[in-house]
Amino acid sequence: PPRFSQADLGPLLSDAVAVVRRDPAAQSIDITVEGDDVSASVDSEMLRATVLNLVLNAAQAMAGRGTIALKLARADGFAIIEVRDDGPGIPVEIRDKLFEPFFTTKARGGGLGLPIAKRTAELHGGSLDLEWPDAGGTVATLRLPIRPTAPEREPGVTQAV
């Protein structure tokens, strides 16, 4: 289960971006982080891994060149983390499979990144959505409730002490 604590989300995004920037395959990708200062009760490690997965997916889809923009905002009681790339997008015929465990289009992928990212969002009481703008690319939007304390646990789930 998640271990919730109050965290500033901006540094969390910056940490994930720093990891991607060290990848030689991402050296020609321009990655930006902008937005509001937002603090929320989250499992920082789970959320960092989720953002890292979304940014890595974007970088890998762009074949080493292009732009990835991360934006952090606050709206209607939610922290909104948007990861937008200007890559080729995702083919229509596979979009409905993206959150299925073990589905992958990568030669060295396990197909668990997006399903785990979606589950992480749900464990935080939020959501993860993907969109494909007409102009191209992919937009991943992670919505997490802003609250001063951890969400209620799911029935039947116990938390280790």
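Here's the yes/no breakdown for (1) modelled with pLDDT under 95; (2) within 13 Å of the chain's Cα centre (by Cα):
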{"residue": "R21", "(1), (2)": "yes, no"}
{"residue": "N57", "(1), (2)": "yes, yes"}
{"residue": "A63", "(1), (2)": "yes, no"}
{"residue": "G66", "(1), (2)": "yes, no"}
{"residue": "L72", "(1), (2)": "no, yes"}
{"residue": "V83", "(1), (2)": "no, yes"}
key: Conditions (1) closer than 16 Å to I81 by Cβ; (2) in a helix (DSSP H, G or I); number of the one not met by S41   = (2)
inquiry  = Can you tell me which residue is farthest from V83 (Cα to Cα) among those in region 18-34 that are open to solvent by 50 Å² or more (accessible area, probe 1.4 Å) and assigned to a strand (DSSP E or B)?
reply    = S28
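The values are calculated or read from the model by the stated rules, or taken from the named source; none is laboratory data. Remember, predicted model here, so these are calculated numbers, not experimental data. As a convention, Cβ positions derive from the backbone with ideal geometry for all residues, glycine included, and neighbour counts pool all protein chains shown. Areas reflect the complete protein model, heavy atoms only, side chains present, ligands, DNA and RNA absent. Shrake-Rupley method; radii C 1.70, N 1.55, O 1.52, S 1.80 Å.
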